[in-house]
1. Find the relative contact order for the stretch C:1-95 and round it to a whole percent, using C-alpha pairs within less than 8 Å whose residues are 6+ positions apart.
2. Checking understanding here: applying a Kyte-Doolittle mean of at least 1.0 and a length along the axis of at least 20 Å (C-alpha), which whole DSSP H helices in chain A pass?
3. Quick one: Cα convex hull volume of chain B, Å³ per residue?
4. Which of the helices in chain B, when you take each full DSSP H run, stretch at least 20 Å along the axis at their Cα atoms and have an average Kyte-Doolittle score of 0.0 or higher?
5. For q = 0.20 Å⁻¹, what log10 I(q)/I(0) does the stretch C:205-352 give under the Debye formula with an equal point scatterer on each alpha carbon and no solvent?
6. List the chymotrypsin sites (Phe, Trp or Tyr not before Pro) within the stretch B:140-243 that fall in a DSSP loop (any state other than H, G, I, E or B) and whose Cβ has at most 14 other Cβ atoms within 10 Å.
7. Suppose all protein chains stay in the model; what accessible area per residue would a 1.4 Å probe give for the stretch B:64-270, in Å²?
8. Give me Rg/Rg_expected for chain A, where Rg uses Cα atoms only and Rg_expected = 2.2 N^0.38 Å with N residues.
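The values are calculated or read from the model by the stated rules, or taken from the named source; none is laboratory data. All values reported here derive from a predicted model rather than from experimental measurement. Cβ coordinates were reconstructed from backbone atoms using ideal geometry, including for glycine residues, and neighbour counts include every protein chain displayed. Accessible surface areas use protein heavy atoms only, side chains included; no ligands, DNA or RNA. Shrake-Rupley method; radii C 1.70, N 1.55, O 1.52, S 1.80 Å.
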Amino acid sequence: MSLSAKLGYVFIAPALVLVAVFFLTPVLLTGIFSFTNMSTATGITGGAYQITPSLLRDLSDQGFEKATLDSIGSESYQIAKATLQIAREAGSEPSLLAELEEEHLGQNFTSRREFERFLKKLQNRPRSTRELKSTSPHFRKSLINERFETEKDLKAALTELQTKLTPDQINKLSQAAYTGWVWTTDNFYKMTILPETKQILFNTIIYVTFTLLLFNVGFALFLAIATFYLPKGQAGIFRALWLLPRISPSVLYVVLWKWLTWDTGFLNAILNPLGVAQRNWMLDTTLNAWVFVVLINGFIGASMGMILFSSAITAIPKPLLYASEVDGANRWQQIRFIILPQLKWPILFVTVYQCLSLLTSFEQILLSTDGGPGSTTEVWALAAYHNALDNYWGNLQYGYGAALALVLVVIGVIMSFIFLRFFRFQELVRQPRIEQ
Amino acid sequence: MSQNFKNWPILTALVLATVPIVLMYSYLVLDTITNTEPGGILPSSFTLEHWRFLYEDIEGKANIWQVTLNTLVFASSVMLLVLSVSSTAGYALSRLNIPFRREFLAGVLILHAFPSITLIIAIFLILQLIGLYNTLIGVIIVMTSLQLPLGIWIMKGFYDSVPWEIEMAGLQDGASRFTVWYRLVLPQVRPGIIALGVFSFLSGWGEYILPTVLAPANNVQVLSGYLASLIADDRNFEFNLFKSVGLFYATPVVIMYLFFQDKLMNIYGGGTKG
Amino acid sequence: MEIILEDFTKRFGDVTVIEKMNLKIREGEMLALLGPSGCGKSTTLFTICGIHRVDGGRVLFGDRDVSRVPAQQRNVGVVFQSYALYPHMSVFENIAFPLTVRKEHKNTIREKVAEIAELVHIGELLERRPEQLSGGQQQRVALARALVRKPSILLLDEPLANLDAKLRLEMRSEIRRIQLETGISAVLVTHDQVEAMSMSDRIAIMKEGEILQVASPTEMYQQPINDFVAGFLGNPPIAFLDAHVQDGSIHLLDGKIQFDFPGSSTPTNDTKIRLGIRPEHYQPNNPIQIPGTISFVETQGRENLYDVMLDDGSILRSIQSSANASIEKNTKVNWGIHPEKLLIFNQAGLRF
């Protein structure tokens, strides 16, 4: 290996590791998780087998015999090597345990009361009710809520109970008893049938289209062209002001908008004396919510286009502009025939780039309307976030959220590849001139 | 530029469009030191009470200085990590003969446009698995990784513009590739390092979602989360307090912005060029 | 030190730019690598200093095979066309850099830098930054930096290309002086024949990755191996006339002019040849007269240059002292050539 390759590996290794673990792996995992039912309930590391009362209820709905289920759900008290061991470890009276082991090994009791009555008659019987109550639970045997690490353990336990379950039923039961996550395509099925999907898709299209056309491209063009015609000092002030929303921390930026629109906010302070009823301008109607969602995001988004378009306009040869003025073009004609044609590529670039970032951004909406009122401003990316990381019910739907995110990831991958076309890639990978 | 056209129509339109920004930001400053009657537009009295959060903890909230320290640690670690990793990787991609250089570059180019925020669910689960959930280190590493493609891309652009002859001369003078990079090339890309450093510091300082999702605990809270939780808390709903915290939060940003405005313009212009 | 390229081959990807080149740079000489751009002269230079890898053959520094030795360990001093001074360092730090990376003692460094600065006449500039220097001064600093560690060989890549005309003359003699004073072997890469002829002991002329001829400037001028070399050297350039051989004599202009083939090995009948005639050899009073009409006059001050169109449309050039009265355009002249001064080439361009 050449000297420079060795140094190259050392130089690039940290970046490779970080990008691989926190960028490429997440892309992959988003794909994997979206085919699972992972949630807070299932955990993420895999699970165990557990029969819960609610599971039994479900099974009885599915046509399992009531008697069989009762026998699974019943508890018994056994004097066996295993239960004795548990009691010993828990520190129960050794003399009592010794007596149980020598004389009563193998006896079964069907209820706690019966078992405790039996215990009280023994020679080494517990001396207090408290001791009795603390000793008896160690001998309890029940499948309910017991964790089995493997399916085999569960089946063995079921067989031991000598229920009338058929092998088929046992399989069904153990599958239902699994508490961890399982592979499934339900997320995508759910996505296609839920009415919410249509709503958030519609919302996303509205959000991206309006913000992109009105602000990220439209208003950005206006800013770039307008500041171009102003004296340098004034132009600088306006550009600096319009960069403010972009550099301000987003939480603070949204607070300012909330202050503007709140029930007792600035807008009301101005409009109230004019006879307009006091209201929360941001959330009182769907239309208003959308206006502010677009404004809040648009004010941030306009700056990128402004900067790119401005530098493209400055790159237009000055004589071209002077010539058009000499030829008698008015300002509109100058913009239309000289400036705009020069901006074709920057406009296309900004459109594609910002379309992608709007599609996947949700921070400002989360902080301002949080998808409200109702879920009228809930966009796709926000829905993914809400489902997986922040929902009202507390049971976070990682799997479903990942499936929603996967849609965006796929779009992101496709559009990122489109970007390769924007760069003259061959030029960027010219061979290094030092051949060491 | 041209004097052949009148400026005032443009100026008027611009001023009107900019009114909301000017309003919001001037009241941001004004409201932190004044009180306004309910329903009033102009402040009625001067006060410093909105700044009390600096010396007394707000009920149920973490200590502001602890939170500020966390934010500082978070933002500067992200900055240092992004800088050191991007400046080495960018150099390797720009100048060194490594196998698969082409593929690496294409990868960086694709990722730099990739919407990383869509990955947050998977990242959240990864941090849980490797035990870095609810730690500052975890968020720092994640934030750094997500910034890397852009950082590497920017640094590569800057390295590309350093003349090859400088490096060749360095080799002839007997310096190793490492020495050449460290002592001859790195000083040439100082503007890039400053720009990227400021950019990644500000990104870290302003980031809200990553710390909120990946490290929600009180003891690792950063200013964005602090301010957001303050607003979400119904017990003390007071815009002047939010603004004071917000101004306190934004001051370093504004100062850096004033100093490095030109350099930042380049990066906020999409990071497509150095 | 003597430098030898032995069967040196260089490829870029699938393209072979230099194949089996052999070249020897003698101890203490200045050798010019001369050729048009793209002929492989810079590639050769970069291979000697170790920036390019050798794809075949060997590079020898004295007895030492350095083909696989990295640039840092070859101890070669290079002056780049752009000078490649380190912009963030002072002149002193620039010159001291090779010594600093060798971890030499501070006092030694100071002495050596002072000594070399004295040699290249920049003693008073040591505290300045490169951007505060003129082109010529930057050139001197680059020379000093290349020489300060006493390299085995000094390589100069188009050292005068970035200078204006006046400075170019000055630095031409300065570089030569410094090279002679230090007695170091040097390679000068240039596309300018005047530079090559005025500065070097020998010239290696290159075309399309091949060395055509290695000789002293005078020898190469007078005895070029082929028409390319003859055409590349000399300003104003040599003129060529088509001719053929008949019965031991040369026939020009459809046989209107005939004279004996100079030299012993006369080619066979009907051999097509080309005559190379330098402007200083087409003069009034020369024995073989070739009449024509003056088609162009260029006054160069000390001399006048005339283009003379012959009957068949081909052009001869003549350079004459401007002490003689200048001759008008369209004047018919009857100037002549001297057979002994002719350069005669065959159809393939090689000289008889």
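1. Details: 123 pairs, mean separation 26.6, N = 95.
Normalised by residue count, the contact order of the stretch C:1-95 is 28 percent.
2. Membrane-span-like by this criterion, though nothing is claimed about a membrane: A:3-19, A:286-314, A:344-360, A:398-420.
3. Numbers: hull volume 55.2 nm³, N = 274.
Normalising the Cα hull of chain B by residue number yields 201 Å³.
4. Result, helices passing both filters: B:8-30, B:64-95, B:136-160, B:190-206, B:239-268.
5. -1.27
6. B:Phe237
7. Here the residues of the stretch B:64-270 average 31 Å² of exposed surface.
8. Taking the Cα Rg and dividing by 2.2 N^0.38 Å, one obtains 1.56.
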